[in-house]
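Data first, discussion second: the structure below is written as structure tokens.
What follows is calculated from the coordinates using simple rules that are stated; it is not laboratory data. Note that this is a predicted model, so its numbers are computed, not measured. Glycine also receives a Cβ, built like all others from the backbone with ideal geometry; neighbour counts cover every protein chain displayed.
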Amino acid sequence: MSQSPEQQIVEHVLDAIADQKLRAGTKLGEQSLSEIFSCNRTQVRRALATLTGYHVVEHLPNRGAYVATPSEADARHVFEARRAIEMTICKNVVQFANPADHARLRANLAQEHEANAAGNRALAIRLSRQFHLILAEVGRNPVLSQYLEELTMRTSLVLGLYGSDQRSLCAVDEHAGILDAIERRDEAAVCREIEAHLRHIEAAVDFAGAPKPRGALSSLLGPIVIPT
Ligand SMILES: [Zn+2]
């Protein structure tokens, strides 16, 4: 069955936020969205309500829906929650990961290296987020996976808002260090590596940076091509 317009809007907006194309503070006009996705306003409103539930869209009284603009405190809470959740995920990964899981993580890491080497920033962002989501899957706790999915989305918003273009990416070498420790089943080392990694991402955020929405909504929500 093909996707409903609501689902299409939700997925396109989430993808564009994850790719740091759709920046915090961008207006999500009902009229524009209904034109872009050829649907009615009721469907747009339902999609926006779903996105509000993910904390990536906010409604301003009498002004409509906008991509949420996290404050510095919001951002720090997101990073703190990620440290707590990803430490537990990593402990589960050490316990449950099998050779196929290791291979899956290695394959993602190799793709991250390639995307960086090719200067494909959008793909590199997507793959680095995916590394964390695969860890969550391998940890085999779907509730933690679900929370991490939302938290990585909110991290993308923070990085799109406050991160500089060079720094708002996970360091691939740090992902490699995490994976090495997982393969050695060294829980203490995995916890140290993931915590240091998340602190490095947070440290690269410059909260003095101003919000910078850019571009027309139609250009930001265009089809997103994932190389195979
Ligand atoms: Zn990372």
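Miscellaneous remarks
- Taking a Cβ cut-off of under 14 Å around residue 135, the surrounding Lys, Arg, Asp and Glu residues balance to a net charge of -4, with basic ones at +1 and acidic ones at -1.
- Vicinal HN-Hα couplings computed from phi for region 81-98 (Karplus, 6.51 cos²θ - 1.76 cosθ + 1.60; Hz; Gly/Pro x): 5, 5, 4, 5, 6, 6, 5, 5, 4, 5, 4, 5, 4, 4, 6, 9, 4, 10
- Label-zone membership for region 132-164, site residue 120, 7 angstrom Cα→C-beta point, backbone N under 18 Å: 132
- Length, then width, then depth: along the principal axes, the Cα atoms of region 5-69 run 27, 26, 19 Å.
- Region 52-137 shape via C-alpha gyration tensor axes, a/c threshold 1.5: oblate
- For the chain, the pair-distance distribution built from all alpha carbon pairs, in bins 5 Å wide starting at 0, is 1, 7, 14, 18, 19, 16, 13, 8, 4, 1, 0, 0 percent.
- Applying the criteria of a DSSP loop state and at most 11 other Cβ atoms within 10 Å to the trypsin sites (Lys or Arg not before Pro) of region 1-75 yields 63.
- GNM result for the chain, Cα springs below 10 Å: residue of 99, 61, 70 fluctuating most strongly: 61
- Computed from phi, the 3J(HN,Hα) profile of region 191-204 under the Karplus parametrisation 6.51, -1.76, 1.60 (θ = phi - 60°) reads 4, 4, 5, 5, 5, 4, 4, 5, 5, 5, 4, 5, 5, 7 Hz, with x in place of Gly and Pro.
- Near residue 207, once Lys and Arg are set to +1 and Asp and Glu to -1 for all other residues with Cβ below 12 Å from its Cβ, the sum equals -3.
- According to the Kirkwood relation over distinct C-alpha pairs, the hydrodynamic radius of region 72-203 is 14.7 Å.
- Residue 45 sits among other residues whose Cβ lies under 14 Å from its own Cβ, and their net charge, with Lys and Arg +1 and Asp and Glu -1, is 0.
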